[in-house]
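The values are calculated or read from the model by the stated rules, or taken from the named source; none is laboratory data. Keep in mind that what you see is a predicted model, and the values were worked out from it rather than measured. Counting neighbours? That spans all protein chains shown, and the Cβs are built from the backbone with ideal geometry, glycine included. Accessible surface is based on the protein model in full, side chains and every heavy atom, while ligands, DNA and RNA are left aside. Shrake-Rupley method; radii C 1.70, N 1.55, O 1.52, S 1.80 Å.
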Amino acid sequence: MPPTAVGELVNDSGSKVVKEVEVASAVEVASAVEVEVEVEVEVEAASAVEVASEAGSKAVTESASETASKLASEETHNPDERSDPPPSNFQPGAQPRISRKLMEMLQGAACYRAHDRWAFLYRVLWRWHSGEHDVISMADVDGTRLHHMVRAARHEEHDMHAYLRFRERPEEAGAPRFVAWFEPAHDVLPQVAQHFAKRMGKTSWMIATPEATVLWDGARLHTGEALARSAADFDDAGESLWLTYYRSIFNPARLNADIMHGHIRQRFWKNLPEAAVVPHMVTQAAAGARKVGQLDTVGKRGGTTIPISSEKAAPERQQPSSLDECRRCDLWQNATQAVAGQGARRAKIMLVGEQPGDQEDLAGKPFVGPAGDLLDKAMDEAALDRRTVYVTNAVKHFKWEPRGKRRLHKTPAQKEVMACRYWLETELETVAPDVLVALGSTALKSILQTGSVTMKDYMGAPFEHEGRWVVVTYHPAYALRVPDRESRQAAFAAIVEALKTAQQLASGGTAPGL
């Protein structure tokens, strides 16, 4: 159907197209009966015409009229339909009551196309009203047929969800933006329209069938008579793109034509866009393409490298239960022992160094060598009692390299710092200090969990990180290493000043310069 024709049909609401959906087609029969937990139905003296008339549906009325005529004539399909005696407890004008389950089954079965469906549904209602509640049982003849009709209608509704294909119209052609053609075997168009109204939001669309047309304008559903004759009435400039995509994902090596045709019934294939290319692809697969699969298509494409760090690529492993069992990096192999932190278990200040030195490695305690002596001296200058703080290192094993008979300190790599971060986090969680003093660059990188930071950016300016203060200063070993006396004194003074700042912050004061 040309776009202009669709537009004319959609806009020509006065002549033949849109009218507001009240409740569509066969469902109207059931909806005409109000349902809560128990439902009352107005069944006037045995007339399907009157039931349908309450729904206000022309189609239903005509169908019901036809059925009623047959009931009245000698050519009735099932003589029993007109020969059922009135129920023993029947009283004219009585308000029959039916269950919610029966009402739902009647609604579903009403969508099933059969020449005698209204007479059959009326028969079910009549038997129920007569007290024969086993009419909805699978053991009952009518119950079996009722269940079959409900299942068939639901199956058709599901198929329509799966195999209905919308085609896009040019935006300048106006509403609807998408149109689709389908040939349902049962009257499930109202239910399917409700499904797509929820799925497609404010986007307008139209579904055409041989019997009726439903239009969604973005806010309300409208229904009308049939407007198209086949899927050929709709054009879609973007359909070639869809077919290109379909060909690209088709893998002939995995083709099973019997299963493919078994899943999609034959009557659906003629309206699927991909049906135009499937026979050719199946033929190619049978001619040998199944052996090479997607070698000539996907196999020739260049791959894309996804960068990922070795730490993230490594599988999740069970963490060691104690520091002595730690094998998170290779430093344990050359170290005498792991050196854990020491100090007050609820200290407000935690001093974090780099790693154990030669004497710490032998003693198993942090800051007991020359650097430890200098740290003690700085703490005395700052009037900070070591017994009130917690002292630890970012790396728990001594990293060194041989130089003659000596073990020379070697700065740990960032991956070794991050491997030991697990133990520092454990100490932070246990001690819960308010202030961290980072003694040196390695400690700062461990606290911030990045190797791209430098001390000069943080020296003399305390900052907050993960809910606690961080004060950055030199490592005591640095103050011992620098060659000239003035530099050593300046480094020592910076350590003392950092310890004073940490004390001030731990007591709730404000850091200098803030």
Suppose the filter is of a type outside the set (S, T, N, Q) and loosely packed, with under 14 Cβ neighbours inside 10 Å; does Lys410 pass it? yes
Could you tell me whether the stretch 385-400 includes any residue that is open to solvent by 30 Å² or more (accessible area, probe 1.4 Å), touching a helix residue (DSSP H, G or I) at 6+ places or on another chain (Cβ under 9 Å) and of a type in the set (Asp, Glu)? yes
Taking the stretch 364-384 and keeping residues without any contact (Cβ under 8 Å) to a residue 12 or more places away in the chain and open to solvent by less than 70 Å² (accessible area, probe 1.4 Å) leaves Val368, Asp376
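Does Ala477 meet the test of being without any contact (Cβ under 8 Å) to a residue 40 or more places away in the chain, more than 50 Å from the chain's Cα centre (by Cα) and crowded, with 17+ Cβ neighbours inside 10 Å?
no
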Is there any pair linking a residue in the stretch 487-499 that is open to solvent by 60 Å² or more (accessible area, probe 1.4 Å) to one that is in a helix (DSSP H, G or I) and of a type outside the set (Phe, Trp, Tyr), with Cβ under 6 Å and at least six apart or on different chains, and which? Arg488/Ala479
The stretch 294-312 residues that are modelled with pLDDT of 75 or more, paired with ones that are open to solvent by less than 80 Å² (accessible area, probe 1.4 Å) (beta carbon under 7 Å, 6 or more apart): none
Could you list, in sequence order, all residues of the stretch 401-435 that are touching a helix residue (DSSP H, G or I) at 6+ places or on another chain (Cβ under 6 Å) and assigned to a strand (DSSP E or B)? Arg407, Val435
Given the criteria surrounded by fewer than 13 Cβ atoms within 10 Å (Cβ to Cβ), modelled with pLDDT under 90 and over 30 Å from Gln503 (Cα atoms), does Pro320 qualify? no
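Each row is one residue, and each column tells you yes or no for (1) assigned by the TED database to the domain that holds Gln107; (2) under 32 Å from the mean Cα position of the chain (by Cα); (3) at pLDDT 90 or above.
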residue: Asp187; (1), (2), (3): no, no, yes
residue: Arg220; (1), (2), (3): no, yes, yes
residue: Trp242; (1), (2), (3): no, yes, no
residue: Tyr246; (1), (2), (3): no, yes, no
residue: Met260; (1), (2), (3): no, yes, no
residue: Lys270; (1), (2), (3): no, no, no
Within the stretch 447-463, take every residue that is of a type outside the set (A, V, I, L, M, F, W, C) and in contact with a strand residue (DSSP E or B) (Cβ under 7 Å, 6 or more places away or on another chain) and give me the one that is surrounded by the fewest Cβ atoms within 10 Å (Cβ to Cβ). Tyr458
Do we have Ala275 as in contact with a Phe, Trp or Tyr (Cβ under 6 Å, 6 or more places away or on another chain) and surrounded by fewer than 17 Cβ atoms within 10 Å (Cβ to Cβ) here? yes
Filter the stretch 323-338 for residues that are open to solvent by less than 40 Å² (accessible area, probe 1.4 Å) and over 15 Å from Thr426 (Cβ atoms); which is farthest from the chain's Cα centre (by Cα)? Ala335
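Would you check which residues across the stretch 107-153 are among the hydroxyl-bearing types (Ser, Thr, Tyr) and within 22 Å of His186 (Cα to Cα) and list them?
Of everything in the stretch 107-153, those that are among the hydroxyl-bearing types (Ser, Thr, Tyr) and within 22 Å of His186 (Cα to Cα) turn out to be Tyr112, Tyr122, Thr144.
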Working only within the stretch 137-160, note down all residues that are touching a helix residue (DSSP H, G or I) at 6+ places or on another chain (Cβ under 6 Å) and surrounded by fewer than 15 Cβ atoms within 10 Å (Cβ to Cβ). Ser137, Met138
In the set Pro176, Pro210, which member is part of a loop (DSSP other than H, G, I, E, B), without any contact (Cβ under 8 Å) to a residue 60 or more places away in the chain and either open to solvent by less than 50 Å² (accessible area, probe 1.4 Å) or closer than 16 Å to Asp233 by Cβ (or both)? Pro210
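Condition (residue is of a type in the set (Asp, Glu) and modelled with pLDDT of 85 or more) applied to the stretch 329-337: is it met by at least one residue?
Keep residues of the stretch 329-337 that are of a type in the set (Asp, Glu), which gives 330.
Right, trim to modelled with pLDDT of 85 or more and you get 330.
Checked against the condition, which is being of a type in the set (Asp, Glu) and modelled with pLDDT of 85 or more, the stretch 329-337 yields at least one hit.
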All but one of (1) of a type outside the set (A, V, I, L, M); (2) within 34 Å of the chain's Cα centre (by Cα); (3) in a loop (DSSP other than H, G, I, E, B); (4) loosely packed, with under 14 Cβ neighbours inside 10 Å hold for Lys312; which doesn't? (3)
